[in-house]
1. Determine the dipole magnitude for the chain: charges of +1 sit on the beta-carbon of Lys and Arg, -1 on that of Asp and Glu, nothing else is charged, the reference point is the Cα centre, and the result goes in debye to the nearest 20.
2. Under a straight-distance cross-link criterion of Cα-Cα below 21 Å, which lysines are reachable from K23, leaving out those fewer than 8 residues away in the same chain?
3. Does a label point 7 Å from the Cα of R64, set along Cα-to-beta-carbon, have any residues of segment 37-57 with amide nitrogen under 17 Å, and which are they?
4. Among DSSP bridges having both ends in segment 8-214, what percentage is antiparallel? Round to the nearest 5.
5. Where in the chain are the helices, taken as whole DSSP H runs, whose Cα atoms extend 18 angstrom or more along the long axis and whose Kyte-Doolittle mean reaches at least -0.5?
6. Using +1 at the Cβ of each Lys and Arg and -1 at the Cβ of each Asp and Glu in the chain, identify which of V148, A42, V170 lies farthest towards the dipole's positive end.
7. Based on the alpha-carbon gyration tensor of segment 101-175 and its eigenvalue square roots a ≥ b ≥ c, which shape applies: rounded if a/c is under 1.5, prolate if not and a/b is larger than b/c, or oblate?
8. What is the P(r) of segment 168-222, as percent of Cα-Cα pairs per 10 Å bin from 0?
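Just so it is clear, none of the values below were taken in a lab; they were calculated from the coordinates. On a predicted model such as this, the values are computed, not experimentally measured, just so you know. Neighbour counts run over all protein chains shown; Cβ positions are idealised from the backbone, glycine included.
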Amino acid sequence: MSLGAGAIAIVDYGMGNLRSVQKALEKMGRAAVVTADPDVIAEAPAIVLPGVGAFALAMDNLRRFGQLDALLHAVDAGRPLLGICLGMQLLFEESEETVGYRGPGGSLPKGLGLLPGRVRRFPPGEKVPQMGWNRLNILRPQPLFGGVEQGAYVYFLHSYYVEPASSEIVAAAAEYGIPFAAAVQRGSIFGIQFHPEKSSAVGLRILDNFGRLAAREGAPAC
């Protein structure tokens with residue numbers, strides 16, 4: 001199986017609402033294929049890594065399905081990668097979420113390590129998961145936010161948040177008891193904590209902007 005120019009591979013590692021992401025991309029006229037094939041992932045023009053569930057189990061599945069090296073190969077080649085929700089968290093070094101983790105006592109499950117930082121649980125006293133609409137504070141221009149207004153609302157569903165080691169990679173923030181990174185970017189690596197496929201017109205615009213990157217088109221100005 002091969003993907004055409006500008007087509008997007010949505011990684012199927014057994015976790016996440018893959019079809020809804022695919023349908024949202026297709027609604028914007030973007031070709032997208034759900035695939036578990038490491039060879040297709042490795043050579044895809046662009047990749048979406050979605051996810052809903054536990055961090056350690058997701059990493060186990062990526063290894064078990066042979067997709068881990070494929071993802072790293074694609075990133076090394078400079079192809080755009082978009083992590084959504086759990087997929088964004090997997091981009092980082094480690095997570096405080098230990099559900100399903102069988103590593104040495106006191107250790108934390110390791111992520112892809114593509115971005116520096118740790119995934120943390122919201123502080124005690126906050127109702128988790130955060131579920132519903134929240135406001136984006138866009139901190140710096142980046143291709144995904146072309147045409148997205150400051151203060152736009154997007155849909156979140158998560159109990160953990162990312163604490164990047166460098167503020168320079170934080171593209172947008174939101175607040176839920178504490179401020180947290182809602183979107184990150186470094187080079188061709190993008191992550192969004194919210195669900196674009198559930199975020200109405202704003203989410204569709206963000207996915208379309210990622211499709212523009214896949215097709216090597218210019219994104220609209222912020």
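1. 320 debye
2. Filter leaves K198.
3. From segment 37-57, the list is 37-38, 51-57.
4. Looking only at bridges with both residues in segment 8-214, the antiparallel portion is about 60 percent.
5. 200-214
6. V148
7. Taking the square roots of the gyration eigenvalues as a ≥ b ≥ c, segment 101-175 is oblate.
8. 21, 52, 24, 3
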